[in-house]
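Notes follow once the structure below has been shown.
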Amino acid sequence: MAGMEITVGTDSSGQINASDIMFFMKDIGNSQRTNPVEVLYASMPAFLYFNASWLGYLLEPLMQFEDSGLYTQLFASQDLGTTFPIAAGDTDPSVFTAIESTSDMLSVAWAHATFTGDGSLISKYYTTLKNWTDTLVSENPLAPNGLYTTADGLSNPNMTNLAIKGILAIRTMAEISRALGMSNDYDSYSGTASSMVSQWQSLAGASGHLSSTYSAPDSWGLIYNLYPGKLFGFNFVQESIYTEQTQWYTNAASTSSGQPFGLPFDSNNDAAIAKSQWTLFTAGTVTDLNTRDILVSMVHAGATNMNEFTVFPTAYSSSNGSYIGGAASPAQGAMFALLALNLTKQPISGFTPASNSSNSPSSPRSDVGAIAGGAVGGAVSAILVVLAVFFYCRRRSRTLSDDRKLASVTPYPPVLNPSQDTSSAPLQVHDDRAPQGSTQISFHKSTLPMLYGNTSRTAAGSSSNLGSSSGIPSDSGSSNATAALRGELQNLRREMEAIRLRAGYEPPPEYDH
């Protein structure tokens, strides 16, 4: 976890977008590479055990970059660049890492989908994953030439471990295709992988154990790349291969008294180097519990080695445990390889089927359903459009009507109540701020007389000046009109008096600078 940076993106307005999460992993203990895929592959069991969704956050920046126009290769890149924390991307990776990197990405992508049940990532990037797999098939992982390299830097021809990694990756792509309903792709990739694995078992297991390379039956190694087949439950490689290899590991461990820190990962390597992550992957492939425990105990010896004052490395001497590389590497997530084998696979959902005309359902029921659905959808859309136009026209008509009413407003004289007391005394205003016992003056806007409506007005003149006692002045007759005008003048005078009184007691206005 200490080897990762967790980031959250922002939207166009600068607000946090909680759905835009990406993880960036540093190749601690080895380099400054960002999201190295072989380290991601090794750390996969820990992420599956703690929270499989995190694998998606690690895959997303890699997939985004390799699905963009910046990346033009038809195989997976081995990282996002060599200058962590800058994820510039590797636009020109070596083609000789194609089998290793592509296989790593396919395995991790399927692990994310099958243990979270979230098919959105494999669906979103299905075309990219398919292109990679097609390249993998064309490069024939069954017989890798001496130019292709492994995660450990080996580049021998016909490497058994690299070959099964590529073959299992093709088988993995078959599962991805089946999960997304791409039946033709599933049949193609599954058939190719089955043909290759049959030949691989004959070539690599001819000497009674899996050799490091086909042409050297005396060679050997930890065939840790069998682990994804066990993790995913493919039942793809014959069980006899696992049994024979388990027996070989048991014999090798019993004769390696001078190598208490682990079996060397490959006999073709110049030095006797034990690798903790691959030893634990190998422990996940054996069929005997005692053999498994022996391998685990060797890794434990390396982890507790007090002769080296270094954070637990991934690579160290198999004889004395001296440090070689990978201190504090995220690849130590392989320590959860055995626990991950017990995880429950989830039904995959939450995706849009990938677009592929050759895999479209051919059932008449499906076609009829699609046509019927389209017809109903079109009819509903037409009805909605008609209703929208109707309500728009109706609202427009009302708006025009209201505008005409506003353009021809008929004035009405104010309503006067002749029965109300018409004292000409000035309006008294009460002020809550005045000291008790003093003249209290205040002004409330709600006490101002209303110019219109049924509320009676308090006139400033005598009752004899109000004219008719009907309460509603007549439009005919000069006396009623004069009385109404006089009433309005009195009301205006009272309002002006109230304004003057308020001005004397309120603070001056304030302005924003």
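Filter segment 48-58 for residues that are closer than 14 Å to ILE6 by Cβ, buried (at least 20 other Cβ atoms within 10 Å of the Cβ) and out of contact with any strand residue (DSSP E or B) (no Cβ under 8 Å at 6 or more places or on another chain) and give the result.
LEU55
Can you confirm whether SER219 is in contact with a strand residue (DSSP E or B) (Cβ under 9 Å, 6 or more places away or on another chain) and farther than 24 Å from ALA334 by Cα?
Criteria met by SER219.
For segment 270-279, which positions are surrounded by fewer than 24 Cβ atoms within 10 Å (Cβ to Cβ) and either under 19 Å from TYR41 (Cβ atoms) or in contact with a Cys (Cβ under 6 Å, 6 or more places away or on another chain) (or both)?
ILE273
Go through (1) surrounded by fewer than 16 Cβ atoms within 10 Å (Cβ to Cβ); (2) without any contact (Cβ under 8 Å) to a residue 24 or more places away in the chain and name the single condition GLN199 misses.
(2)
Considering only residues that are under 19 Å from PRO36 (Cβ atoms) and touching a strand residue (DSSP E or B) at 6+ places or on another chain (Cβ under 6 Å), which ones fall in segment 290-313?
Residue satisfying the conditions is PRO313 alone.
As an exercise: evaluate THR282 against (1) out of contact with any Pro (no Cβ under 9 Å at 6 or more places or on another chain); (2) assigned to a helix (DSSP H, G or I); (3) over 29 Å from SER215 (Cα atoms) and give the number of the one condition it does not meet.
All conditions pass for THR282, except number (3).
Might you let me know whether segment 302-310 holds any residue that is in the same structural domain as ASN269 (by TED's automatic domain parsing), surrounded by fewer than 17 Cβ atoms within 10 Å (Cβ to Cβ) and in contact (Cβ under 8 Å) with a residue 40 or more places away in the chain?
Checking segment 302-310: not a single residue is in the same structural domain as ASN269 (by TED's automatic domain parsing), surrounded by fewer than 17 Cβ atoms within 10 Å (Cβ to Cβ) and in contact (Cβ under 8 Å) with a residue 40 or more places away in the chain.
Give me the pairs, please: first residue somewhere in segment 215-236 and under 21 Å from LYS345 (Cβ atoms), second residue anywhere and outside any loop (DSSP other than H, G, I, E, B) and aromatic (Phe, Trp, Tyr), beta-carbon distance under 7 Å, and either six or more positions apart or on two chains.
If the second residue must be outside any loop (DSSP other than H, G, I, E, B) and aromatic (Phe, Trp, Tyr), the pairs left are TYR227/PHE281; PHE232/TRP110.
The values are calculated or read from the model by the stated rules, or taken from the named source; none is laboratory data. What you are looking at is a predicted structure, and each value in this text was computed from that prediction instead of being measured. For neighbour counting, all protein chains shown are included, and Cβ atoms are generated from backbone atoms with ideal geometry for every residue, glycine included.
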